[in-house]
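Everything on this sheet refers to the single structure shown next.
None of the figures in this text is laboratory data; all of them are computed from the coordinates on show. Here the structure is a predicted model, which means the values were calculated and not measured. Because the Cβ atoms are built from the backbone with ideal geometry, glycine has one as well, and the counts that use them run over all protein chains shown.
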Amino acid sequence: MGYTLAQKIIKDHMVGGSMEVGKEVSLRIDQTLTQDSTGTMAYLQFEALGLPQVQTELSVAYIDHNMLQTGFENADDHKYIQTVTAKHGIRFSKPGNGVCHQVHIERFGIPGKTLLGSDSHTPTCGGIGMLAIGAGGLDVAVAMGGGAYNITMPQILEVRLVGELQPWSSAKDIILEVLRRLTVKGGVGYIVEYTGPGVKTLSVPERATITNMGAELGATTSIFPSDEITLAFMRAQQRETDYVALSADSDAVYDKTIEIDLSELRPLVACPHSPDNVKAVSDVNDLKIDQVHIGSCTNSSLSDMHKVADILRGRSIAEDVSLVIAPGSKQVLNMLAADGSLADMIAAGARILESGCGPCIGMGQSPRTDGISLRTINRNFYGRSGTKSAQVYLVSPEVAAVSALTGFLTDPTTTDIEAPKTVVPKEFMVNDNLIVMPAEDPDTVEVVRGPNIKPFPINTPLPEQVSGKSLIKVEDNITTDHIMPSDSKLLPFRSNVPHLANYCLTPCDPDFPERAKNEGGGFIIAGHNYGQGSSREHAALAPLQLGVKGVLAKSFARIHMANLINNGILPLVFDDENDYDKIDLLDELVIADAPKQVKRVAAGEHIVVCNKTKDECYTMSLPASERQLDMLLEGGLLNLTRKER
């Protein structure tokens, strides 16, 4: 029996564990990336490990999330990241160089290598055949120090593509169709691997759109083969020597397969407030729009931007529409300016933003009250745009551009506009002058720390009794945006966990932080898929700051559960989901003999949580490996790593 592509890369990078599904496997990490929202914490944690230099083949720190410098906080944090990376052997991508995932696939990604990033959309580089995984900042810090990255060996889900996209259908429609079929929970426990004759019809930017948004499935990662299409892209980036041909064995066996006929796809839209709330654009009638945003790590490549320019050329946007466009990288912006496409966009009425994340994370361009915004981004969670009453719809760049002209969500197949074609240039404009190399002599570098950088919380070893009250009870699909909001007002405090903790879970309950402080910490009670969305570690650090000892949930999103364990917070899953209904706010919960109970999990036993208020107990599973159990006993990964050194 042969190997799938993902299995081949895992096998080549194994340093421990087992490739048996459900068992823990330890991977050597070749490359890492961080961005400024998560990077400050990752580098503070790396410094806490006490290592002089990174041990990876390549590590890059990007500034792309918050470049608005309305106070000293952002500039201070950027200076900290630039100096700490210079000292420890990490490349620094300056503000304006572009979105981390777009730049990384352009300039650094290598087929067959492993990439660990402190951003959930790191799987973008799966578009060139990398095993690229999003993780918490502490996992990335350990990987930078040469430590293995440990995951539960996933199953492999094959998405077999046949046929060819018709005019006006796009890669965005492919991943929206996958989300429509599988939902935001459907990829949990899987690596999604794309195969079939339809793969050859997709460019690297199109493949990257699909792997990028695979994060919305909850999948570990997504990956395409590395083939002649990949070679042409890398040759155009003047990186032909980095190319490696990679594909699954002909007799590879997949755990699950779905097939999509590309020729049958029509323009799709994800309606509020979830990426899997997918409908045909033609079925959403008479939707008047206020705003269109084209960009983000999902759809900001040069080919995407050229399609938009082709549609807008010689036309004007509707008078009631605000159109904002953010090219994904300096390379893209530079080439658009050089070939006249940027002028076409501006002439049509578009506003051009910096090459960064921007509106995708609510960093500027928040819609008006009750506004309707079409966006080419990957997430339309409630309130993520910065306006709680806004309705955000996810579409392709083609649908977004046509709709900006009509003023309504429009199926472009019903217009007389000619459908643009995907064109990847034979040669990209290469200018890496906003990539700063690390210092040749680290001893000459002083790490600059502004007053906004505060010590982050570190847990203590697990006590004999873990007790506290039920501090909040939340529903299914609570995102990390709910747990730790990261809007334009809060993102500047990403290195100040004590301040951020005052806003923890406030979208669900404004009184939660104060209640947690008054009660001396306690437990969070949650539904299914708790912690979906962004990889931000702050969604674990802020609860830790408030004294949260455990989360009792029906199920967890992968990255968030790992972040909880990394910080010594118990992630417990109800054996009987009906027990969720039995717990009320401020019920007193107790886990007696906690260390003994945790140790027994390795032998297949479950955790018993007793509700003293109701005089009843609940059995709960703790979905953790033996290594993760050790982390929980020690109070987190940082404590365990220090102990083992």
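Some points to look at:
- Calculated FRET efficiency for the pair residue 447/residue 621, C-beta based, R₀ 41 Å, to 0.05: 0.45
- With Cα atoms, 0 to 90° folded angle of helix 36-49 axis to the chain main axis: 40
- Cross-link reach is defined here as a Cα-Cα straight distance under 18 Å, omitting same-chain residues fewer than 8 places apart; for residue 11 the lysines meeting it are 23, 113.
- For segment 390-492, alpha-carbon Rg and Dmax in angstrom: 25.4, 71
- Ratio of the Cα radius of gyration of segment 5-264 to 2.2 N^0.38 Å, where N counts its residues: 1.00
- Hull volume in cubic angstrom per residue (convex hull over the Cα atoms of segment 516-645): 107
- Tail weight of P(r) past 50 Å, computed on alpha-carbon pairs of the chain, percent: 7
- Over all directions, the projected convex hull of the C-alpha atoms in segment 340-438 averages 9.1 nm² in area.
- Percent breakdown of C-alpha pair distances by 10 Å bin, ordered from the shortest bin, for segment 223-329: 10, 25, 34, 22, 8, 1
- The chain - mean residue ellipticity at 222 nm from DSSP helices (-39,500 (n - 2.57) per run, n ≥ 4, rounded to 500): -8000 deg cm²/dmol
- Amide H contacts of residue 568 (H built 1.01 Å from N, under 5 Å, at least 5 apart or other chain): 636, 637
- Spatially, segment 588-632 and segment 92-159 are offset by 33 Å when compared through their Cα centroids.
- Furthest towards positive pole of dipole, 337, 221, 302, structure part segment 206-342, Cβ charges: 337
- For the pair segment 497-558 / segment 15-86, the C-alpha centres are spaced 23 Å from each other.
- All lysines inside 22 Å of residue 517 as judged from Cα atoms, apart from same-chain residues fewer than 8 positions distant: 454, 469, 473, 549, 612
- Listed peptides 434-444, 234-244 by packing density, highest first (mean Cβ within 10 Å): 234-244, 434-444
- Kirkwood Rh (inverse of mean 1/r, distinct Cα pairs), segment 268-414, angstrom: 14.8
- When each of the peptides 72-82, 115-125, 31-41, 164-174 is scored by how many other beta carbons lie within 10 Å of its residues on average, the order from highest to lowest is 115-125, 31-41, 164-174, 72-82.
- Principal semi-axes in Å for segment 421-578 [√(5λ), Cα gyration tensor, largest first]: 35, 23, 15
- Dipole-positive endmost among 289, 401, 272 within segment 268-414 (Cβ charges, Cα centre): 272
- As a calculated quantity, the FRET efficiency between residue 440 and residue 235 at R0 = 35 Å, using C-beta atoms, amounts to about 0.70.
- Dipole moment magnitude, nearest 20 debye, the chain about Cα centre, only Lys, Arg, Asp, Glu C-beta charged: 800
- For the pair residue 247 and residue 489, the difference between a 0.36 nm per residue extended length and the Cα-Cα distance amounts to 82.6 nm.
- If R0 equals 41 Å, the separation of the Cβ atoms of residue 69 and residue 313 corresponds to a calculated FRET efficiency of about 0.75.
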